[in-house]
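Read-outs throughout are calculated quantities, based only on the coordinates presented, and are distinct from any laboratory measurement. Everything numeric in this text was worked out from a predicted model, so none of it was measured. Counting neighbours? That spans all protein chains shown, and the Cβs are built from the backbone with ideal geometry, glycine included.
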Amino acid sequence: MIQTMLVISAILLILYGLGFVFIPNTLLSFYNVQLELDGIVLTQLLGAAFMGFGLLNWQTWKSIKGAENRYILNANIIHFFVGFLALLIGRINGAGNELIWLNIFLYLIFALGFASTLFKNNK
């Protein structure tokens, strides 16, 4: 299960990262979000982080074991759980449009999936 989650999250993170770096306004327009220059630069920075995190997940999915397993799982749990909360709070407060619910759902699924794997491995 961990390998599948790492691969799927890697693909999604890299795709979103590329979109945020190269076409931030176009990508965010699907969510009814418009950015000025400062927001574009910060979105591109987020895209770079997504690409790096996605690459990390992609490169570790075949060889993950032992302590590295726990470190990679912890990083993913933090990213997806905090991201889930930020998206949920933002949407409750009126950010974006209904499409954001898809991201909220995906972040929740990944947070629970990575946490479940971590807790199974700690038994």
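Summarising the label geometry, the points placed 7 Å from Cα in the beta-carbon direction at residue 42 and residue 15 lie 2.6 nm from one another. Relative to the dominant Cα principal axis of the chain, helix 2-22 is inclined by about 20°. Summing Cβ point charges (Lys, Arg +1; Asp, Glu -1) relative to the Cα centre of the chain gives a dipole of roughly 620 debye. For the chain, the longest principal axis of the Cα atoms and the long axis of helix 66-92 meet at an angle of about 30 degrees.
Between helix 37-60 and the chain there is an angle of about 20 degrees, using the helix long axis and the longest principal axis of the Cα atoms.
The trypsin sites (Lys or Arg not before Pro) found in segment 2-73 that occupy coil by DSSP, while having at most 11 further C-beta atoms within 10 Å, are 62, 65. Selection among 25, 104, 72 by position relative to the dipole of the chain gives 72 as farthest towards the positive end (Cβ unit charges, Cα centre).
Our summary of shape: the Cα atoms of segment 2-121 have principal axis extents of 44, 28, 19 Å, ordered from largest down, in whole angstrom.
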